[in-house]
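Data first, discussion second: the structure below is written as structure tokens.
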Amino acid sequence: QVQLVESGGGLVQAGGSLRLSCAASGSIFGITAMGWYRQAPGKQRELVASITRGGSSTYADSVKGRVTISRDNAKSTVHLQMNSLKVEDTAVYYCNVNVLGRSHWGQGTQVTVSS
């Protein structure tokens, strides 16, 4: 069993910052990637950022330059530092981990950016 605990979501004004964290536990041997996705009302879930065990990262075009993903392999934790937040960033953010080819999801944390 894999457990993902997300934290750091909340309400922030446009231009502000938030730091999301996701800690994985349980049967997590063989994690190959961790990342964050988001889903806004009426929209499809989309990748925000991901990072492999080796440190290779990927970002959505919409957040490049404003978001940084990082991870601590020893603690099986991934962070998403979000700066210069926009109203368009409002969504439920989901942590995702890939363990031996299988995908696991957190329950999501709400990020709301007010104008």
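A few comments on the model shown:
- Options Ser57, Ser21: the member that is open to solvent by 50 Å² or more (accessible area, probe 1.4 Å), under 15 Å from the mean Cα position of the chain (by Cα) and among the hydroxyl-bearing types (Ser, Thr, Tyr): Ser57
- The range 66-84, residues that are more than 13 Å from Gly16 (Cβ to Cβ), open to solvent by 30 Å² or more (accessible area, probe 1.4 Å) and outside any strand (DSSP E or B): Asn73, Ala74, Lys75
- Selection over the range 85-107 of residues that are more than 16 Å from Arg19 (Cβ to Cβ) and in a loop (DSSP other than H, G, I, E, B) gives a count of 5.
- Any hit, the range 34-48, residues being aromatic (Phe, Trp, Tyr) and over 18 Å from Leu4 (Cα atoms): no
- When Ala49, Ala33 are screened for being closer than 13 Å to His79 by Cβ, of a type in the set (A, V, I, L, M), touching a strand residue (DSSP E or B) at 6+ places or on another chain (Cβ under 9 Å) and surrounded by 14 or more Cβ atoms within 10 Å (Cβ to Cβ), only Ala49 passes.
The values are calculated or read from the model by the stated rules, or taken from the named source; none is laboratory data. Please read these numbers as outputs of a predicted model, since none were measured by experiment. Note that each Cβ is placed from the backbone with ideal geometry, even for glycine, and that neighbours are counted across all protein chains shown. Keep in mind that these areas ignore ligands, DNA and RNA; they rest on the heavy atoms of the full protein, side chains included. Shrake-Rupley method; radii C 1.70, N 1.55, O 1.52, S 1.80 Å.
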